[in-house]
Amino acid sequence: MYLSDLHKTSSAAFITIVLGFLNPSIASTENKFDGAFWQTADHFQTTGKIIPLEDDGIHDSANDSAMFALQRPMEAMGEFPRDSAGLINWVKALQDGHILPRSDISGDAPPLKPINLDILFSDTGPMPNVLFPHKQHTEWLACSNCHPALFKKEKGSTDIKMDDIFKGKFCGLCHGKIAFSPTKNCMRCHSVQQTKK
């Protein structure tokens with residue numbers, strides 16, 4: 001499978017495929033976690049560094065398919081736009097036509113209908129508030145990818161902590177492995193200054 005052929009694969013299938021090739025000690029959110037990957041996240045998607053897959057801390061070097069069946073990140077994503085922190089900007093990559101995810105694995109489902117709904121999380125301690133944009137996520141993913149397994153639909157009913165995200169739970173299931181790392185550009189999420197009371 002080639003990452004540049006994302007237009008031939010559903011978003012859910014792509015995430016399943018990518019996570020399936022991940023190093024089991026990182027992919028599983030149930031394992032004890034040493035934090036090393038999330039502290040560095042120095043792979044092509046997050047830094048542009050060209051690192052052999054067997055050394056990137058993501059792919060399972062014991063899995064021949066992970067090592068040899070996939071196109072190398074530099075070949076697949078070398079032309080993708082990056083943000084101010086040097087991280088691949090997947091939203092812009094989609095907008096610019098570098099990728100075009102399908103709605104399902106067969107390609108028979110109607111196109112996804114993005115939901116333009118922002119949710120403000122204000123329980124962020126001293127950090128700026130988090131504005132979660134549904135639109136950018138639902139251009140890639142159907143609602144069922146996240147609800148209700150990862151997040152309950154009612155705002156505030158899922159207790160999300162940064163420590164859990166760093167351990168690959170909640171937002172961290174994708175961010176740090178596929179999308180930008182939560183340790184590399186805090187302001188991508190913590191984007192709304194708190195108003196003084």
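We did not get these values from a lab; they are worked out from the coordinates using the rules stated. Just so it is clear, the structure is predicted and the values come from calculations on it, not from any experiment. With ideal geometry, Cβ positions are generated from the backbone for all residues, glycine too; neighbour counts draw on all protein chains shown.
The calculated FRET efficiency for D104 paired with T195, based on their beta-carbon distance and R0 = 41 Å, is about 0.45.
Under a crude label model (7 Å from the Cα following the beta-carbon direction), how far is D55 from M187 in nanometres? Distance between the two pseudo-spin positions: 3.3 nm.
Contour minus end-to-end for M67 and I119, with contour as 0.36 nm per residue of separation and end-to-end as the Cα-Cα distance? Display every interim value, and only then the final one.
Details: separation 52, 0.36 × 52 = 18.72 nm, distance 3.87 nm.
Extra length from M67 to I119 when fully extended: 14.8 nm.
Lys and Arg at +1, Asp and Glu at -1: add these up for the other residues within a Cβ distance under 12 Å of L112 and post the number. Within the 12 Å Cβ shell, the charges total +1.
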